[in-house]
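S.K.: The structure that follows is given in the form of structure tokens.
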Amino acid sequence: MNLFALYTGHVRAAVTALAKQEKLARAPDLDRIVVEPPREESRGDLATNAAMVLAKDFGLKPRALAEKIAAELAKLPQVENVEVAGPGFINISLADALWLEVLRTAVKSGQDFGRTDLGKGERANVEYVSANPTGPMHVGHGRGAVFGDALANLLAFVGFEVTREYYVNDAGAQVDALARSAYLRYREALGEKIGAIPEGLYPGDYLIPVGRALAERHGNKLLGRPESEWLPVVRAAAIEAMMAMIRDDLSALAIRHDVFFSERSLSEGNTDRVAETIEALRRQGHIYEGRLPPPKGAPIEDWEDREQTLFRSTAFGDDVDRPLKKSDGGYTYFAADMAYHRDKLERGFTTLIDVWGADHGGYVKRMQAAVAALSAGKVSLDVKLCQLVRLLRAGEPVKMSKRAGDFVTLREVVDEVGPDPVRFMMLFRNNDAALDIDLAKVIEQSRENPVFYVQYAHARCRSVIRNAREALPGLDLEPASLDRAALDRLTDEGERKLVKRIAQWPRLAEAAALSHEPHRVAYFLHELAGELHSHWNRGNDLPHLRFIIRDDPELTLARLTLVYGLATVLASGLAVLGVGALEEMR
């Protein structure tokens, strides 16, 4: 039960009725209406901007229109008061019974409370991680992995049909460098002294097992053969080993993908999907042969003063047209990425989300231009950039990994502090903001540790329920009994505040999904936990506010219904984030 969606419908109905009364020539744009909690609690329960955004449509001043809308809303049976504030905001106060009905619904629904069909089964593709298969994942990859996984969870929660995808960059110079590095480890495994790893290759120890596996499989058969013969064999083995390592790293964070899409598959065999994509766009007039003007100001990395095949990306909002072929005749990375996104469109996805590292910021406009061209403007690409992560331990920077050579691996961090702290802290800040994670802080059991604070709130709820069963063994806590609880006994201001916070969860989940911002869920859970802990502390000082009142089973049952509702929302939100809802803290 989404109370905010319900009253958005009521406000739209009121506006529609007024439009008919006023005989407007054109129907007002109802999509611009927002119903949300007021900024000040004293202003009521709900606030709407309807009069502010539709005044011009009605030819009225906002406050005059607000008075008319307020009069319509005041007719609703569960509206206790409607007031017009400021230049035309409308504040609505609801009957207590309506909020309590939301609480009953939350308890009945369990973790499905807040789940909606907002997406109506629309097919969404969330591509995340897509780290080059050249080594173990680092912490920066981990932030994108957690973000993408939580966003996929969130979209599925509100009714999208979600595919979680990993684009395997298994073509190009980097995987050739990986193969040459693995070949050195192969020679080393056969007893050769290889010395220092040359510049431009991968020095990490993680390739030693790959070299040994190659030696076991091929013996010395690859020695002495030309690179053109051994490179494809070693490259395939190295990529397979790196992807197995990456999957294992991801599984440690409970992250999964439905599809692993190979870049190499775009141009392997008899089909050249990149060439097909270029020709399809050429037929539409989006590809031409020409020269790029020299860059003004900062140099453009793909500028060459020559006649070349160009995508007219400036027609779709990019800063400059983009080359699709290199001087040696091979395709640019961008050309392959265009073909890959065309494949997504051909698979029927209408919502495309790519999660990239912050270093890819300059690539966003051209890919969005490509998707606009490939879909004839019907599909847009949302690119979410995840900023850098800095690891600290007790305030000091964490040293680099010996295993990886030049960075801290994600697996080392997960093994040290556990998946829940890593996931929650990766989401406890907007993806656009740089993130510091102190490994000593995230395992502290204190209110300064957000993941502990939220998990403790859920464990505290479960503890209350266990204690109630022991203290009042005759009290029936089955759902049917909770449904009959006298919730009108919840009269304390703190209790009512918690009920209203529970009611905000469906709206919050929808808003976070539509904005592609899972950090909103983490913030909401932290606020909810804070209000629960605050109310708990009031009960310590004022015994009559405690959840369990031994000589008043009716009041206890009402308060335990509230506790169940709190536990439900905390568990539901944590599940969206992929974080465990603990039964007790250890």
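S.K.: List the number of the failed condition for VAL464; all other conditions in (1) farther than 30 Å from GLY395 by Cβ; (2) touching a Lys or Arg at 6+ places or on another chain (Cβ under 7 Å) hold.
M.R.: Here VAL464 clears every test but (2).
S.K.: Look at THR351 and say whether it is surrounded by 14 or more Cβ atoms within 10 Å (Cβ to Cβ), β-branched (Val, Ile, Thr) and under 22 Å from the mean Cα position of the chain (by Cα).
M.R.: Yes: the conditions hold for THR351.
S.K.: Run down ALA179, ALA131, ALA106 and say which single residue is within 19 Å of the chain's Cα centre (by Cα) and not polar (S, T, N, Q).
M.R.: Just one listed residue meets the conditions, ALA131.
S.K.: Could you check the range 1-30 and list, in sequence order, the residues that are of a type in the set (A, V, I, L, M), in a loop (DSSP other than H, G, I, E, B) and more than 30 Å from GLN111 (Cβ to Cβ)?
M.R.: If the condition is that a residue be of a type in the set (A, V, I, L, M), in a loop (DSSP other than H, G, I, E, B) and more than 30 Å from GLN111 (Cβ to Cβ), then LEU24, ALA25, ALA27 are the ones that fit.
S.K.: Could you please find all residues in the range 537-586 being closer than 22 Å to LEU487 by Cα, of a type in the set (S, T, N, Q) and touching a residue at least 24 places away in the same chain (Cβ under 8 Å)?
M.R.: Correct list: THR556, THR561, THR568.
S.K.: Hey, another quick one. Looking at (1) touching a strand residue (DSSP E or B) at 6+ places or on another chain (Cβ under 8 Å); (2) closer than 25 Å to LEU155 by Cα; (3) among the small types (Gly, Ala, Ser); (4) crowded, with 16+ Cβ neighbours inside 10 Å, which one does SER375 not meet, given that it meets all the others?
M.R.: Here SER375 meets the rest and fails (1).
S.K.: Please identify the pairs in which a residue from the range 127-155 that is assigned to a helix (DSSP H, G or I) has its Cβ atom under 6 Å from the Cβ atom of a residue that is buried (at least 24 other Cβ atoms within 10 Å of the Cβ) and among the basic types (Lys, Arg), counting only partners at least 6 apart or on another chain.
M.R.: Correct list of pairs: VAL146/ARG423.
S.K.: Moving to a separate point now. Output the number of residues of the range 400-411 satisfying the condition of being at pLDDT below 90 and closer than 15 Å to ILE437 by Cβ.
M.R.: Looking only at that region, the number is 3.
S.K.: Taking VAL274 as meeting all but one of (1) farther than 30 Å from GLU161 by Cα; (2) touching a Phe, Trp or Tyr at 6+ places or on another chain (Cβ under 9 Å); (3) among the hydrophobic types (A, V, I, L, M, F, W, C); (4) modelled with pLDDT of 95 or more, write down the number of the exception.
M.R.: It is condition (1) that VAL274 fails.
S.K.: Looking only at the range 257-286, count every residue that is touching a Lys or Arg at 6+ places or on another chain (Cβ under 9 Å), assigned to a helix (DSSP H, G or I) and without any contact (Cβ under 8 Å) to a residue 40 or more places away in the chain and tell me the total.
M.R.: So the answer is 1.
S.K.: Out of the helices (runs of 4 or more DSSP H) lying entirely within the range 475-586, which hold 1 or more residues that are surrounded by 23 or more Cβ atoms within 10 Å (Cβ to Cβ) and either modelled with pLDDT of 95 or more or in the same structural domain as SER380 (by TED's automatic domain parsing) (or both)?
M.R.: Where helices (runs of 4 or more DSSP H) fall fully within the range 475-586 and carry at least 1 residues being surrounded by 23 or more Cβ atoms within 10 Å (Cβ to Cβ) and either modelled with pLDDT of 95 or more or in the same structural domain as SER380 (by TED's automatic domain parsing) (or both), they are 493-503, 505-515, 519-541, 553-577.
S.K.: Would you call LEU201 under 30 Å from GLY329 (Cα atoms) and at pLDDT below 95?
M.R.: yes
S.K.: Restrict the check to the range 32-46 and report whether at least one residue is hydroxyl-bearing (Ser, Thr, Tyr) and in contact (Cβ under 8 Å) with a residue 12 or more places away in the chain.
M.R.: no
S.K.: Another question, then. Mind listing whichever residues of the range 90-104 are in contact with a Lys or Arg (Cβ under 8 Å, 6 or more places away or on another chain) and under 14 Å from ASN2 (Cα atoms)?
M.R.: If the condition is that a residue be in contact with a Lys or Arg (Cβ under 8 Å, 6 or more places away or on another chain) and under 14 Å from ASN2 (Cα atoms), then TRP99 is the only one that fits.
S.K.: Also, quick follow-up: Is there any pair with a first residue in the range 468-488 that is touching a residue at least 60 places away in the same chain (Cβ under 8 Å) and a second that is assigned to a loop (DSSP other than H, G, I, E, B) and among the basic types (Lys, Arg) whose Cβ atoms are under 7 Å apart and which are 6 or more apart or on different chains, and what are they?
M.R.: Every condition considered, the pairs that remain are ALA471/ARG550; LEU472/ARG550.
S.K.: Filtering the range 55-72 down to residues that are of a type in the set (A, V, I, L, M) and buried (at least 20 other Cβ atoms within 10 Å of the Cβ), which residue is nearest to ALA14 (Cα to Cα)?
M.R.: So the residue we want is ILE69.
S.K.: Another question about this same structure. In the range 337-360, what count of residues is obtained for those that are among the hydrophobic types (A, V, I, L, M, F, W, C) and either outside the structural domain of LEU310 (by TED's automatic domain parsing) or at pLDDT below 95 (or both)?
M.R.: 1
S.K.: Can you tell me which residue within the range 354-372, out of those that are surrounded by 22 or more Cβ atoms within 10 Å (Cβ to Cβ) and in contact (Cβ under 8 Å) with a residue 60 or more places away in the chain, is nearest to ARG282 (Cα to Cα)?
M.R.: ASP354
S.K.: Considering only residues that are touching a strand residue (DSSP E or B) at 6+ places or on another chain (Cβ under 6 Å) and assigned to a loop (DSSP other than H, G, I, E, B), look in the range 31-77 and name the one that is nearest to LYS20 (Cα to Cα).
M.R.: So the residue we want is ALA74.
S.K.: Is there a residue being charged (D, E, K, R) and either buried (at least 20 other Cβ atoms within 10 Å of the Cβ) or over 30 Å from ALA558 (Cβ atoms) (or both) anywhere in the range 141-155?
M.R.: Looking for residues that are charged (D, E, K, R) and either buried (at least 20 other Cβ atoms within 10 Å of the Cβ) or over 30 Å from ALA558 (Cβ atoms) (or both), one finds at least one in the range 141-155, hence yes.
S.K.: Another one. With the condition kept exactly as written, say whether any residue in the range 171-190 is assigned to a helix (DSSP H, G or I) and within 30 Å of LEU574 (Cβ to Cβ).
M.R.: no
S.K.: Moving on. Output yes when any residue across the range 184-206 is outside the structural domain of LYS326 (by TED's automatic domain parsing), touching a residue at least 60 places away in the same chain (Cβ under 8 Å) and of a type in the set (Asp, Glu), and no when none is.
M.R.: Yes - at least one qualifying residue is present in the range 184-206.
S.K.: Let me ask something additional. Among the numbered conditions (1) without any contact (Cβ under 8 Å) to a residue 60 or more places away in the chain; (2) within 29 Å of ALA433 (Cα to Cα); (3) not β-branched (Val, Ile, Thr); (4) not assigned by TED's automatic domain parsing to the domain that holds ASP337, tell me where GLY114 comes up short.
M.R.: (1)
The values are calculated or read from the model by the stated rules, or taken from the named source; none is laboratory data. The structure displayed is predicted, hence computed values, not measured ones. Backbone-built Cβ (ideal geometry, glycine too); neighbour counts: all protein chains shown.
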